[in-house]
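Novice: Below is the structure I would like to discuss, written out as structure tokens.
The values are calculated or read from the model by the stated rules, or taken from the named source; none is laboratory data. Predicted, not measured: the structure shown is a model, and the values here were computed from it. Neighbour counts run over all protein chains shown; Cβ positions are idealised from the backbone, glycine included. Heads up: the accessible areas ignore ligands, DNA and RNA and are worked out on the full protein's heavy atoms, side chains in. Shrake-Rupley method; radii C 1.70, N 1.55, O 1.52, S 1.80 Å.
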Amino acid sequence: MSTGSRIERKKYNKPNKSGKKKRKNNSKRPRRWIKNTIIAMILLFFLTIISGAALFGYYASNAPKITEEDLVGQVSSKIYDRDGELIKELGGQNRDLMTPDEIPQVLEDAVLAIEDARFYQHTGVDPIRIVGSLIANLRAGEILQGGSTITQQLVKLSVFSTDFQDQTLERKAQEAWLALQIEQELSKDEILTLYLNKMFYSNNTYGAKTAAQNFFGKDISEINLAEAALLAGLPQAPSDYDPYSNPEDAKERRDLVLGVMLDREMITEAEYNEAVNTSIESMLQPLDDGTVQDIDFVMDSYLDVVAYEVQENFNMNIYTDGVEVYTNVDLDAQEHLYNTVNNNSEIGFTDDEMQTASSIIDVSTGQLVAVIGGRKQDAIMGLNRANTLNRSVASTMKPLSAYGPAFEYLNFSTGTLVVDEPYEYSNGAEIYNYDFSYEGNQTIREALAGSRNIPALKVLQKVGLDNSYAFLQKMDIQILNNNEKELVEANAIGGEMTPIQLAGAYATIANYGTYTKPYSVSRVVTTAGSVLETEVVSREAMKSSTAYMLVDILKDVPGNFASRSDIEGLHHAGKTGTTNYTDEQLQQLGIDASTYAAPDGWYAGMTPQYAIASWVGYDDPYQPGNYLTLQDTSIPQAIYREMMTYLMQDVPVTDWQKPDTVVEVEIEKYTDPVKLPGPYTPSNMKSEELFIEGTQPEDQSLEFGQYVNPPTSFNASYDQENQQIVANWSGNLPEGATYLLNLDGQMIYQGTDTAFAIAAPEMGSYILRLSIVSGNSTSDTMVIELTLTEESSSEETSETSESSDESTDESISDESAPAEGETPTDPTTPETGTEDPATGQPATPPATDGAQAPSASNAG
């Protein structure tokens with residue numbers, strides 16, 4: 001009953017449109033909650049605004065004062081050497097300053113289009129630009145554009161650091177406050193003029209007016225649309241967009257500016273097309289370096305590396321940010337390297353167009369001691385080949401891609417056998433050695449020191465491309481093939497890297513396998529006084545055993561395979577590298593096949609203290625006449641010798657110390673697996689080789705024979721009735737051994753019987769020789785000389801035991817007899833004969849003719 005009543009009441013109170021009595025509505029509670037939330041949010045908003053304004057006011061009150069001198073002047077950066085001595089200052093002292101009425105409209109349009117389109121609408125800070133940049137960056141997931149106005153950029157360049165670490169909220173607030181102040185004091189035209197006068201345009205050029213004169217040979221009033229767009233785009237990254245060094249990147253940036261101008265309807269379609277079709281090269285004139293000092297050329301390449309590192313590591317620009325940079329350069333060594341490649345006639349450069357690049361690294365620290373990126377330069381901030389060269393390092397790659405990984409991952413020894421023979425890549429393409437010949441059996445030591453291509457390929461194939469790539473990556477070497485980070489089999493004998501990277505890899509070998517990423521900057525001090533230390537990257541790239549074994553092999557190269565790199569009295573090692581032209585390229589260049597010609601020559605060398613990598617060649621080796629002769633390819637060796645001699649003149653000479661994980665063992669060469677020498681291994685078939693501890697051989701080689709006991713008895717008699725000589729003997733035959741009976745130099749019997757009858761129808765002398773043959777070894781020979789006469793019809797015999805240097809039979813090859821002058825003796829049994837008074841050793845018994853060993857030419 002009560003249940004039914006409740007149902008009826010619910011029906012009665014249900015809202016309807018008929019005007020009947022409604023149930024009491026409780027929806028006011030959620031509405032009140034929403035109202036309270038909105039009020040709280042409004043209060044929070046105003047509190048945030050008030051707090052932000054208060055914080056902004058606090059930061060602004062502590063902002064530095066900005067003067068007219070700050071706005072007009074250029075804060076210089078100071079560059080110091082490794083001893084803390086000032087080398088030079090980088091700044092804008094040599095500028096032609098513009099006045100507001102000198103700014104051409106085309107330049108103003110280009111700059112505002114790409115940098116600050118609302119320049120004439122904002123008052124120093126542009127909230128619309130800030131919000132737009134924030135949205136664009138959020139959509140991209142990275143910082144693509146900034147929100148700073150031209151006025152803010154002017155403030156930053158005048159009194160603040162551009163270091164990313166200094167981009168604090170306080171700094172940005174002060175920057176905005178000062179920008180607002182400047183807008184109150186100066187006109188827009190004056191601000192834009194100060195900005196254009198302060199900008200850095202690459203190649204030690206500051207200010208747009210100076211850039212127009214230096215780059216185009218024009219007054220600023222005469223520049224055209226393409227030139228204005230180039231100037232507008234350069235300041236964002238002047239080194240990257242340097243039109244002289246990077247014309248393609250400069251064009252891409254210029255065309256971006258032109259595209260924005262077209263979109264904003266500042267230019268017509270026809271003007272756009274004409275400008276983008278103007279090449280960068282056609283716009284430029286040669287740079288005038290009449291005011292350049294010698295130190296600018298000496299330090300040019302090194303400063304390029306410094307600028308890159310400071311930008312990469314600290315997001316700062318040494319040409320605009322007024323920083324103090326403490327470098328690792330040895331200024332004396334840098335000057336000596338510069339003079340070596342530019343002024344030393346003994347080095348042997350053929351002409352001024354032949355180029356070079358060289359890098360010197362301190363092995364223990366990874367610091368760049370000196371860098372040269374070219375020679376006979378006519379402009380500063382020129383092409384730095386030491387940091388940008390993309391040419392194959394040729395055979396200097398072999399220790400890095402093939403032999404190093406083989407020691408590291410496969411426990412190869414320096415005596416491991418590898419055969420130099422006709423061979424092909426896995427895809428069927430042929431591979432040749434540099435001399436188009438084959439050496440046959442080689443130890444790893446011989447193959448690497450002698451720079452044989454085919455053994456290097458075989459070793460890489462055993463290592464595997466993945467293992468090799470992993471080995472290289474630990475030295476920050478990223479090889480690209482088909483635009484992918486991967487190796488191909490041809491990387492056994494080459495691969496692209498810069499001289500700095502190559503020197504870093506060889507410094508790793510010299511430093512027992514510890515890799516330190518080469519670096520030129522020790523620390524940077526910002527205008528705010530912050531000291532920024534370079535974070536040194538160091539890791540174990542290979543085991544010390546691997547590094548030591550490579551060094552030990554490469555010690556054989558200077559003097560033996562690289563004559564111009566030899567330095568007397570110095571413990572050092574190195575590797576040559578030479579690239580080749582294809583047959584088609586030789587034909588295109590008109591070079592006869594009999595003429596030696598190479599595109600590139602390399603040498604990488606090291607001591608325990610320094611590593612040096614040098615390249616020589618032409619920038620375009622595929623133009624007629626731009627090839628290296630055999631003598632030219634040795635120029636990197638001469639640079640190495642000159643510089644290493646200079647660097648080591650006041651350094652104690654030391655040698656690498658063998659790690660405990662490496663053992664040195666005498667082996668018999670070309671044995672597989674590697675074996676110890678046998679008792680008759682010739683000296684020229686022995687070598688001292690290195691092994692990972694625990695992998696050294698224990699078995700002895702018997703390739704050149706073992707001691708075999710001679711027969712115990714040997715007799716012969718004449719059977720007159722049957723006109724034959726009957727020989728009989730006895731002895732202890734080893735398993736598989738046979739008796740060998742020889743008559744007058746001819747083998748007449750070989751087997752295990754102990755008697756043999758020999759037809760003797762004529763009188764005369766008969767010489768019988770008997771020995772035991774076991775495998776490649778032959779015992780001492782027992783000899784009977786039997787004389788038959790008609791008068792006596794009887795025999796006269798004499799028995800001797802002798803050693804001979806002749807083979808007993810054609811069926812026994814030279815490979816089973818000892819070398820001439822050697823006597824097989826049982827090291828466990830005293831020899832008959834007398835003791836040599838000079839040596840105290842048993843005297844050599846009579847020479848045998850049945851125990852000859854194989855010659856060296858037959859070995860392996």
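Novice: Report, to one decimal in Å, the Kirkwood hydrodynamic radius for the range 475-550 based on all distinct Cα pairs.
Specialist: 14.7 Å
Novice: Work out Dmax and Rg for the range 240-398 from the C-alpha atoms and quote the Rg first, both in angstrom.
Specialist: Cα-based Rg and Dmax for the range 240-398 come out at 19.4, 61 Å.
Novice: Shifting gears a bit: Calculate, for the range 518-646, the solvent-accessible area per residue in square angstrom, rolling a 1.4 angstrom probe over the heavy atoms of the protein chains.
Specialist: On a per-residue basis, the range 518-646 sits at 40 Å².
Novice: Report the semi-axes of the equivalent ellipsoid for the range 385-488 in whole Å, largest first, where each axis is √(5λ) for an eigenvalue λ of the Cα gyration tensor.
Specialist: Semi-axis lengths for the range 385-488 are 23, 16, 14 Å.
Novice: Next question. Loop only per DSSP, at most 10 neighbouring Cβ atoms within 10 Å: give me the chymotrypsin sites (Phe, Trp or Tyr not before Pro) in the range 681-774, ordered by residue number.
Specialist: Sparse-neighbourhood loop chymotrypsin sites (Phe, Trp or Tyr not before Pro): none present.
Novice: Give or take rounding to whole Å, what are the principal axis extents of the alpha carbon atoms in the range 684-760, in descending order?
Specialist: 71, 24, 16
Novice: Round to the nearest 0.05 the FRET efficiency obtained for GLU664 and SER594 when R0 = 45 Å and r is the Cβ-Cβ distance.
Specialist: That pair, GLU664 with SER594, gives E of 0.55.
Novice: Over the range 563-686, what relative contact order in percent results from Cα pairs under 8 Å that are six or more residues apart?
Specialist: Once normalised by length, the contact order is 23 percent.
Novice: Using only Cα atoms, what Kirkwood radius does the range 330-432 have, in angstroms?
Specialist: 17.5 Å
Novice: Further question on the same structure: Which whole-number value in Å² is the accessible area per residue of the range 371-471, probe 1.4 Å?
Specialist: 34 Å²
Novice: Can I ask one more? Around PHE756, what is the net charge, scoring Lys/Arg as +1 and Asp/Glu as -1 over all other residues with Cβ under 13 Å from its Cβ?
Specialist: After counting each charged neighbour, the total is -1.
Novice: Quantify how much of the Cα-Cα distance distribution of the range 209-281 extends past 20 Å, in percent.
Specialist: Pairs farther apart than 20 Å: 25 percent.
Novice: Please report the equivalent ellipsoid semi-axes of the range 414-459, computed as sqrt(5 x eigenvalue) of the Cα gyration tensor, largest first, in whole Å.
Specialist: Calculated on Cα positions only, the semi-axes equal 17, 11, 8 Å.
Novice: Carbon and sulfur: what percent of the range 538-667's accessible surface (1.4 Å probe)?
Specialist: The value for the range 538-667 is 42 percent carbon and sulfur by accessible area.
Novice: Follow-up. Could you list log10 I(q)/I(0) for the range 630-717 at q = 0.15, 0.24 Å⁻¹, which the Debye formula gives when each Cα is one point scatterer?
Specialist: Here the Debye-derived log intensity ratios amount to -0.82, -1.10.
Novice: Taking a probe of 1.4 Å, how large is the accessible area per residue of the range 682-762, in Å²?
Specialist: 54 Å²
Novice: Rounded to the nearest 0.05, what FRET efficiency do THR582 and GLU269 have when you use their Cβ-Cβ distance and R0 = 60 Å?
Specialist: Between THR582 and GLU269 the formula returns 0.85.
Novice: Roughly speaking, to the nearest percent, how much of the range 331-453's 1.4 Å accessible area is carbon and sulfur?
Specialist: With neighbouring chains kept in place, the figure for the range 331-453 is 44 percent.
Novice: Shifting gears a bit: So, R0 is 25 Å and r is the distance between the beta-carbons of THR37 and ARG118; what FRET efficiency does that work out to, to 0.05?
Specialist: According to the calculation, E is roughly 0.10.
Novice: Could you list the GluC sites (Glu not before Pro) in the range 657-721 that lie in coil according to DSSP, counting only those with at most 11 other Cβ atoms within 10 Å of their Cβ?
Specialist: Counting only loop positions with at most 11 other Cβ atoms within 10 Å, the GluC sites (Glu not before Pro) in the range 657-721 are GLU693, GLU698, GLU721.
Novice: Counting alpha carbon pairs within less than 8 Å and at least 6 residues apart, what relative contact order, in whole percent, applies to the range 515-593?
Specialist: 18 percent
Novice: How large are Rg and Dmax for the range 449-498 when calculated on the C-alpha trace, in angstrom?
Specialist: Values for the range 449-498 (Cα only, Rg and Dmax): 10.9, 32 Å.
Novice: Starting from the range 181-235, pick out the GluC sites (Glu not before Pro) whose DSSP state is loop and whose Cβ has at most 15 other Cβ atoms within 10 Å.
Specialist: Qualifying residues, ordered by number: none.
Novice: Further, regarding this structure: How many nm is it between the label spots at ASP650 and GLU698, if each spot is 7 Å from the Cα in line with the beta carbon?
Specialist: 5.4 nm
Novice: What is the distance in Å between the Cα centroid of the range 615-665 and that of the range 312-370?
Specialist: A separation of 16 Å, based on Cα centres.
Novice: Oh, and also: Assuming a viscosity of 0.692 mPa s and a temperature of 37 °C, what translational diffusion coefficient in µm² per second does Stokes-Einstein assign to the range 486-640, Rh being the Kirkwood radius over Cα pairs?
Specialist: Estimated diffusion coefficient is 185 µm²/s.
Novice: Quick check on packing: order 294-300, 115-121 by the mean number of other C-beta atoms within 10 Å, highest mean leading.
Specialist: Descending packing order for the listed peptides: 294-300, 115-121.
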